[in-house]
Every structure is written in structure tokens, then in C-alpha cells.
Amino acid sequence: MREFVDALKAFLDLGATVILPVVIFLLGLLFGQKPGKAFRAGLTIGVAFVGIFLVVDLLVSNLGPAAQGMVERFGIKLNVIDVGWPAAASISWASPIAAFIIPLGLLVNVLMLITKTTKTMNVDIWNFWHYTFMGAIVYALTDSVIQALIAALLFQIVCLKIADWTAPMLENYFGLPGISVATGSTVSYAVLGIPMVKLMQKIPGVKKLNADPETIRRKFGIFGEPIFMGLILGLALGLLAGYSVGDTIKIGMSMAAVMVLMPRMVKILMEGLMPISESARELLQKKFGAQNIYIGLDAAVAIGHPAVISTALILVPITVALAVILPGNNVLPFGDLATIPFIVAFIVGASRGNIVHSVIVGTVMIALSLYMATDLAALHTQMAIDAKFHMPEGASKISSIDQGGNLINYIIYKIFALIN
């Protein structure tokens with residue numbers, strides 16, 4: 001079993017740029033496409049994700065050091081370190097239940113498609129680690145494989161239902177027809193975040209506060225374009241981090257590049273995805289009467305919108321400040337600061353790009369995440385010890401805003417804690 005898990009992890013470590021083209025090619029054949037057409041679609045999607053993740057890496061490699069610079073500059077000392085999603089994923093795949101998650105997850109997804117309880121065909125296998133993490137938490141809590149698998153599959157089902165619910169927003173606002181997102185970290189912030197946005201839009205005075213990219217562009221001309229917004233927000237982060245003039249300009253240029261390049265990579269993705277999406281819809285409608293079938297992809301497809309990046313960049317220093325001022329919080333934000341675009345993507349979509357509303361709701365959601373991550377720190381740390389994870393220097397405990405502060409994860413964890 002351990003050899004199987006290691007082989008599975010090795011395959012998943014190849015990442016979406018390898019896994020997705022293979023999956024898309026096989027799906028194309030399954031849906032009746034000619035091999036050449038299916039291969040081209042898979043290759044195009046693979047190239048698009050190479051581009052997307054290059055831009056994401058550009059974002060992460062600049063945000064991470066800037067966040068660390070802010071933490072060091074302001075002398076913040078907290079005893080629980082946010083190790084970020086890469087560490088959380090590694091800890092997840094070291095769990096004894098890891099080998100079961102992908103085959104069971106695919107089976108559940110197929111059964112839900114056949115029974116018309118979901119419209120999402122989730123090909124984002126790489127992100128099944130979110131479901132594994134949920135199961136690993138419950139396994140650490142209960143030492144029960146059965147309960148752990150139930151928890152993981154329950155989390156998957158909820159994610160698929162939220163993916164169905166938010167798919168129209170992806171089409172109408174992000175311009176991604178036929179696509180849904182079941183990425184655990186992104187959909188979990190939609191459950192409370194979207195209703196909060198709707199509430200914000202009804203509060204007198206507050207509802208009139210608007211700063212979406214189109215409004216900014218109209219008011220400031222060329223200086224309101226995404227490329228300039230990225231530059232300005234990047235420069236502000238560099239100044240907050242105490243960077244030199246040269247390094248501040250570098251991070252400003254990097255954020256400007258992210259604003260321009262990410263939407264163009266997503267266009268390439270859509271070029272490869274549309275033929276597969278149409279073939280899937282035709283076949284499933286013919287065989288099962290299913291309509292409006294969505295292809296479930298990584299949330300990276302939604303983070304390229306200028307309003308998402310702008311909201312995330314503003315929330316980085318706010319998150320660091322929240323960690324200091326919130327009574328009872330013990331988590332030092334670090335590893336997951338660069339994943340804030342994934343956290344707020346659906347919040348921004350629900351607000352139609354209103355950066356003011358998105359930042360307000362995002363601040364509340366991140367505050368809640370810090371408290372949840374603090375509460376789960378002891379269990380998260382035990383999972384890391386069991387996985388022989390190398391603890392960061394000076395950390396007595398670890399946690400993760402991405403999954404340790406994930407609302408759906410936390411609710412399911414609490415249910416199993418009460419049962420046991």
C-alpha cells in the first residue's frame with residue numbers, strides 16, 4: 001500500500017501541466033473525438049496551464065518574500081506558523097487514507113453525474129489533495145479509516161455542489177463558459193463570502209462604495225488600467241516590506257506583469273477546453289439526458305481577473321495586521337499569503353469586481369480563518385509529526401490558512417469531533 005501511495009504521489013507531483021493534458025486527451029477519446037483532435041486539445045490545455053502556473057509562480061515568488069519582509073519589519077511574534085498549502089498537501093498524502101481518495105472520488109463524481117446530483121465533471125485530480133486533507137484530519141482525530149473516508153467524500157460532495165452553484169458566475173463575470181471550480185480552498189470561502197457580498201450590496205451608504213476595474217479606468221484613464229493597478233499595488237507592497245528602491249520597482253513590475261499575462265493564458269486555456277466541453281455535453285446529454293455539464297478545473301483559471309489580483313494584494317498587509325490585533329489568534333500568516341487570490345476569487349465574482357466590497361468581505365473571512373486555523377493547530381501539528389514533516393525553525397505548532405482555516409473543513413471536523 002505504501003508503494004502504491006508513493007507511486008500515486010509521484011504522479012500527482014507532476015502537477016496539472018502533465019496530469020491535465022493526459023486526462024483531457026483520454027476524455028476526448030471517451031467522448032468520441034478523433035485522436036488528433038483530442039491530443040491537440042489536451043496539449044493546448046497543458047500549454048495554457050504551463051503559462052498560468054508560470055504567472056502564478058511569479059505572483060507567489062514575489063508575494064512570499066514581501067510578506068516575510070512585513071512580518072520581520074514589524075517584529076511580529078506568534079507561535080503557530082502558517083506553513084502554506086504545499087506543506088499541507090505533503091502532510092495529506094502521507095496519511096494512511098491517501099491511496100483511497102482519488103479512485104473513490106472519481107467514482108462518487110461519476111455516480112453523481114449519472115444521478116444528476118451534480119453538473120460538474122471534475123478533472124482537477126491534482127487538487128483532490130483538499131479532500132485527502134479533510135480525511136486526514138478526521139483520521140488523526142478518530143483513528144478510523146471509515147470515518148476519514150466519509151469525511152473526505154462529504155467534503156467532495158459539498159465542493160461539487162458549490163461548483164455547480166458558482167458556475168454561472170464563472171461564465172457571466174469571468175467569461176469562462178462551461179467551466180466550474182471545485183477547488184476546496186476557493187469554494188469554501190464562497191459559502192459565507194457570497195451571502196456577505198449580497199448583504200453588503202444592501203447596506204445604505206456601503207452599497208454605493210464601488211471601485212471595480214472599469215470604474216477605476218473611467219476615472220483615471222490609462223492609469224486605471226490593470227497594468228498600472230498592478231504596478232501601483234506592487235510598489236505599495238514593496239514599501240510596506242521595507243524593500244530598497246530597486247527591489248520595490250521589481251515587485252511593482254512583477255505585479256503589473258501578472259495583471260497583463262494571466263488573462264491571456266486563460267484565453268489559451270479556453271481554446272483547448274471548448275471542444276472537449278462541447279463533446280462532453282453532447283455525449284452526456286445523449287446518454288443520460290444531462291444538460292449544462294461543466295468541466296471542473298483548478299481555481300487558477302479565475303484568479304487572473306484584475307479585480308481578483310487587486311483585492312488579494314490589498315489583503316496581504318491587512319492579513320498580517322489582523323494576525324497582530326485579533327485577540328486569541330496564534331497563527332503567523334506566511335505560507336498562504338500568496339494564495340489569497342484563490343481564497344477571494346468567488347467573493348470578487350459575486351461583487352462583480354467591486355474591490356471595496358471584496359476587501360471588506362475578504363477581511364472578515366480571513367479573520368475567521370485565522371481563528372479556525374488557531375483552533376486546528378494542535379491537530380494539524382500532530383498530523384505533521386505523524387508524516388515526519390520537518391517543522392519550521394522556532395515553531396511550536398503549525399497550521400494553514402488555506403485548509404486549517406477552511407470553513408467547510410472546519411464544520412465537518414467539528415461534526416466528527418462531536419460524534420466522537
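Figures for the structure shown
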{"read-out": "Val110-Leu29 pseudo-label distance in nm [points 7 Å out on the Cα-to-Cβ vector]", "value": "1.5 nm"}
{"read-out": "Neighbour net charge for Lys198 - beta-carbon separation under 14 angstrom, K R +1, D E -1", "value": "+3"}
{"read-out": "Alpha carbon centroid spacing (whole Å) that separates the stretch 140-191 from the stretch 348-392", "value": "16 Å"}
{"read-out": "Whole-angstrom gap from the stretch 57-128 to the stretch 300-346, using each part's C-alpha centre", "value": "15 Å"}
{"read-out": "Restricting the stretch 166-213 to trypsin sites (Lys or Arg not before Pro) in coil, as DSSP defines it, with at most 10 other Cβ within 10 Å", "value": "Lys202"}
{"read-out": "Rounded, prolate or oblate (a/c below 1.5 giving rounded, otherwise prolate when a/b exceeds b/c) for the stretch 54-195 by Cα gyration tensor", "value": "oblate"}
{"read-out": "Fraction of accessible area attributable to carbon and sulfur, the stretch 330-374 (%, probe 1.4 Å)", "value": "74 percent"}
{"read-out": "Simple spin-label estimate for Lys202 and Val260 in nanometres, 7 Å along Cα-Cβ", "value": "4.3 nm"}
{"read-out": "Label-point separation, Ser61 to Thr363 (7 Å along Cα→Cβ), nm", "value": "3.3 nm"}
{"read-out": "For the stretch 232-385, Kirkwood radius (reciprocal of mean inverse C-alpha pair distance, Å)", "value": "18.0 Å"}
{"read-out": "1.4 Å probe accessible area per residue over the chain, in Å²", "value": "41 Å²"}
{"read-out": "Carbon + sulfur, % of accessible area of the stretch 229-324 - ligands and nucleic acids excluded, 1.4 Å", "value": "65 percent"}
{"read-out": "Theoretical ellipticity at 222 nm over the chain - DSSP helices of four or more residues, -39500 (n - 2.57) apiece, nearest 500", "value": "-23500 deg cm²/dmol"}
{"read-out": "R0 of 30 Å, Cβ-Cβ distance Ile249-Ala378: FRET efficiency to nearest 0.05", "value": "0.10"}
{"read-out": "Distribution of pairwise C-alpha distances over the stretch 55-121, 5 Å bins, in %", "value": "3, 12, 12, 13, 12, 13, 12, 9, 7, 4, 2"}
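The values are calculated or read from the model by the stated rules, or taken from the named source; none is laboratory data. As the structure is a computational prediction, the values presented were derived from the model and not from experiment. So basically every Cβ, Gly included, is an ideal-geometry build from the backbone, and we count neighbours across all protein chains shown. Keep in mind that these areas ignore ligands, DNA and RNA; they rest on the heavy atoms of the full protein, side chains included. Shrake-Rupley method; radii C 1.70, N 1.55, O 1.52, S 1.80 Å.
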